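Chemist: First the structure, which I've put down as structure tokens, then a few questions once you've had a look.
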Amino acid sequence: MISFLLYNWWLLPLLLTLVFYKFVLRVFFGMVIVPEDKIGLVTKKFVLFGEFKGLPDGRIIASRGEAGFQAKTLAPGLYWWMWPWQYGVEMTPFTVVPEGNIGLVLANDGSELPTGNILARKVDCDNFQDTEKFLSSMGQKGRQTSVLTPGTYRINRYAFTVHIVEMTHIGENKVGIVTALDGDPIPPGQIAGKVVEGHNNFQDFDKFLANGGNRGLQPQVILAGSYYINPWALQIEETYMTDVPIGHVGVVISYIGEDGKDLTGESFKHGNIVTKGFRGVWMEPMGPGKYPVNKYTMRVELVPTTNLVLNWANARSESHELDKNLSTITVRSKDGFPFNLDVAQIIHIPANEAPKVIARFGSMNNLVSQVLEPTIGNYFRNSAQDSDVISFLTTRKERQEAAKNHIKVVLDEYNVNAVDTLIGDIVPPEALMKTLTDRKIAQEEEKTYETQRMAQEKRQGMERETALAEMQKDIVSAQQGVVISQRHAEAAVKKSEGEAASVKLQVGAEAEATKMRAAAEAEATRAKASAAAEATKLTADAEAERIAKTGNAEAEKILAIGKSTAESYQLQVSAMGEENFTRYKITEEIGNGKIKIIPDIIIGGGGNQTEGSISGLLGMQLLEMLGKKGEEKKSEDKG
């Protein structure tokens, strides 16, 4: 121990000083040292002398020398006569409010709050650092309207409790909707307080109250930023700004303000349209942009100002979704067939007419459900009942134009422009559709067959032309052959004519017959030559011509033979007598037929002839003729 003190002798003065301070200066002189980063909270244990020995009822902080927690604190420094047996001094750190935060102050002592107030009003007390002034200025106990901004404060924690909370932050493209928890009551007939100026976005709540601010919903909003707002005094709801897209206007419906004068006149009886700032539908709509609108005090109804397409179709809906509840229209034709009809209606609402549309219907959805849906649906149902399905299909264009004109007249009464009405898919009954399809297929097949027939005809024509081209050489040869045959025929005719004239000169009737035969043969030769030539070109025509020529020749031959025979018979009758010639022909026919009448022919030589006998000369001639006829007959049989 002695060796430790010898080597650490310098600790001895320090220990003596500590003992001196604790037991000598503190006890006998009441010395108190407050460090530079702290304050001293003083508690007075008793009062020996003086007028105020006890605290008033309801008070916990002594401000006039009473015993108890003292309002006055000890700042950093040296103090005397603070004897420990009479005063207790508690060293406590400064109150620090960090950046981005505020300090909410709760007064533990002070005057009572007036009835109806929930926050204590502000008094001048150096940001609650002067407790004595706070109490002497009739500061009220409880939650305070004032807040501590970021910084360091010497706060008497016996008198005040400080709660550190974050500042109020409103994000980009958002607004803060304010509800005041203290203030005057809202005026009757209103849902929000009146507009109050001069409170710096509600950061000076005492100025808000002093200027007559009302508790409850506020018409004013706060924009994006950070604010020193007391959450005990105000509730802030963060919400997005109202966005009016391009191609739209925002019709404002205000729920607050005074009743304004209706600007539409007596002709419009569907609601009040007023000047901006009054309660009702504002005459001036908002253009495209973003607006800090309080959604609880006013509503902005978006109205498209571009052409708007609405579809009555189950499988199709536009991005605006105003037609999401519309469906395909089912109609019934005059002939009792139900069928489905898709319709698209294009409308346009002028910007200056948008407030009237909203004043009349309240929203675009109501316009669709209350006007467009029943108007268009009923029109097409009525139209379909006047026609059968086939006529409806075939007159689609005319019906579409009629629908456009009718619907335009109807919508003009509602301040809506009907741009166009379009009929989409028409789905007739399946059985009828099959009939139409089969009919169409048959028509198309008929066209196909007709096309094929025309192609075949063209092909045949091409083949015919090809064959004719290939036969051209033969045709030329045949034509030359015809000319040659004609020359031969003419020569033969001349020859035959010469021979016929010779025969005619030699024998009268026989010559005429020979002439006719030669002419017929010449004609036949010419006909055959001509027919042969024509057969090369057209076989049927040559054959017909040949037959005609041959027939004519045969007829002429027969005629010539007949005439010659007649003339011969006439000569024989003249020579033999009519009766003898008749007997002669009968006998000739009997001889040709080889019919034996009597065993022997009796030829009488005398002048007296019996019945059935023949004269000698006639009998000899008859036998000679019979002999010749028999030989000719045998020759014919052999041939």
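FYI, it's all coordinate maths here, none of it is from the lab. For clarity, every value in this text was computed on a predicted model and none was experimentally measured. All Cβ positions, even for glycine, are placed from backbone atoms using ideal geometry, and neighbour counts span all protein chains on display.
Chemist: Can you give the FRET efficiency to the nearest 0.05 for residue 169 and residue 369, using r as the Cβ-Cβ distance and R₀ = 51 Å?
Modeler: 0.80
Chemist: What does the highest-first list of 362-371, 102-111, 211-220 look like by mean Cβ count within 10 Å?
Modeler: On the way: 362-371: 17.2, 102-111: 21.1, 211-220: 19.3.
Ranked from most to least packed, the peptides come out as 102-111, 211-220, 362-371.
Chemist: On full extension of the chain, what length is gained from residue 60 through residue 80, given 0.36 nm per residue of separation minus the C-alpha to C-alpha distance?
Modeler: Net length gain for the segment: 4.7 nm.
Chemist: Further question on the same structure: Rounded to the nearest 20 debye, what is the charge dipole size of segment 95-240 about its Cα centre when +1 sits on each Lys and Arg Cβ and -1 on each Asp and Glu Cβ?
Modeler: 200
Chemist: Taking 7 Å along the Cα-to-C-beta vector as the label spot, tell me the residue 556-residue 266 distance in nanometres, rounded to one decimal.
Modeler: Taking the two extended label points, one gets 11.9 nm.
Chemist: If you don't mind, another one. With charges only on Cβ, +1 for K and R and -1 for D and E, what is the dipole size of segment 29-174 about its Cα centre, in debye, rounded to 20?
Modeler: Rounded to the nearest 20 debye, it is 320 debye.
Chemist: Also, quick follow-up: Given R₀ = 60 Å, FRET efficiency for residue 291-residue 453 by Cβ-Cβ distance, to 0.05? Mind showing how you got there, number by number?
Modeler: Values: r = 74 Å, r/R0 = 1.24.
Step by step, r from the Cβ atoms, then E = 0.20.
Chemist: So, one more: Write down, largest first, the equivalent ellipsoid semi-axes of segment 95-240 in whole Å, where each equals the square root of 5 times an eigenvalue of the alpha-carbon gyration tensor. Kindly include the intermediate steps, with their values, before the conclusion.
Modeler: Details: eigenvalues 140, 79, 22 Å².
Each semi-axis is √(5λ); the values are 26, 20, 10 Å.
Chemist: What residues qualify as long-range amide H neighbours of residue 298, i.e. H under 5 Å apart, gap of 5 or more or another chain, H built at 1.01 Å from N?
Modeler: Under 5 Å from the amide H of residue 298 lie the amide H atoms of 255, each far enough along the sequence or on another chain.
Chemist: Rounded, prolate or oblate: which fits segment 55-127, taking a ≥ b ≥ c as square roots of the Cα gyration tensor eigenvalues, rounded meaning a/c under 1.5, else prolate when a/b beats b/c?
Modeler: oblate
Chemist: With the contact rule set at Cα under 8 Å and sequence spacing of 6 or more, what percent relative contact order holds for segment 54-212?
Modeler: 24
Chemist: To one decimal place, what orientation-averaged projected area in nm² is obtained for the convex hull of the Cα set of segment 362-427?
Modeler: 4.8
Chemist: Turning to a different aspect of this structure: Where the convex hull is taken over the Cα atoms of segment 227-296, what is its projected area averaged over directions, in nm²?
Modeler: 6.6
Chemist: Additional query: Give me the extension gain from residue 435 to residue 582: residue separation times 0.36 nm, minus the current Cα-Cα distance, reported in nm with one decimal.
Modeler: Stretched out fully, the residue 435 to residue 582 stretch lengthens by 44.1 nm.
Chemist: Just to confirm a number: summing +1 for Lys and Arg and -1 for Asp and Glu over residues other than residue 117 whose beta-carbon lies under 15 angstrom from that of residue 117, what do you get?
Modeler: +1
Chemist: Where does the Debye-calculated log10 I(q)/I(0) of segment 303-428 sit at q = 0.11, 0.13, 0.17 Å⁻¹, using only Cα point scatterers of equal weight, no solvent?
Modeler: -0.37, -0.51, -0.84
Chemist: Okay, next question. Of the listed pairs 324/440; 261/324; 458/549; 194/261, which have alpha-carbon separations greater than 32 Å here?
Modeler: Listed pairs above 32 Å: 324/440; 261/324; 458/549.
Chemist: Sum up the charges of everything whose Cβ sits under 14 Å from the Cβ of residue 300, counting Lys and Arg as +1 and Asp and Glu as -1, but leave residue 300 out. Let's see the in-between values first.
Modeler: On the way: positive: 276, 290, 295, 299; negative: 243, 284, 301.
Computed value for this residue: +1.
Chemist: By how many nm would the segment from residue 397 to residue 468 grow when fully extended, if each residue of separation counts as 0.36 nm and the alpha-carbon distance is taken off?
Modeler: Numbers: separation 71, 0.36 × 71 = 25.56 nm, distance 5.42 nm.
My answer for the length gained is 20.1 nm.
Chemist: Tell me which residues come under 5 Å, amide H to amide H, from residue 39 once H is placed; ignore anything under 5 positions away on its chain.
Modeler: Placed amide hydrogens put 92, 94 under 5 Å from residue 39.
Chemist: Can you tally the net charge around residue 287? Count Lys and Arg as +1, Asp and Glu as -1, for every other residue whose Cβ sits under 14 Å from the Cβ of residue 287. Working shown, then result.
Modeler: Details: positive: 276, 290; negative: 243, 284.
Result for the local shell: 0.
Chemist: I've got another one for you. Quick one: which residues, 5+ away or cross-chain, put their amide H under 5 Å from the amide H of residue 224? H built at 1.01 Å from N.
Modeler: Amide H neighbours of residue 224: 174.
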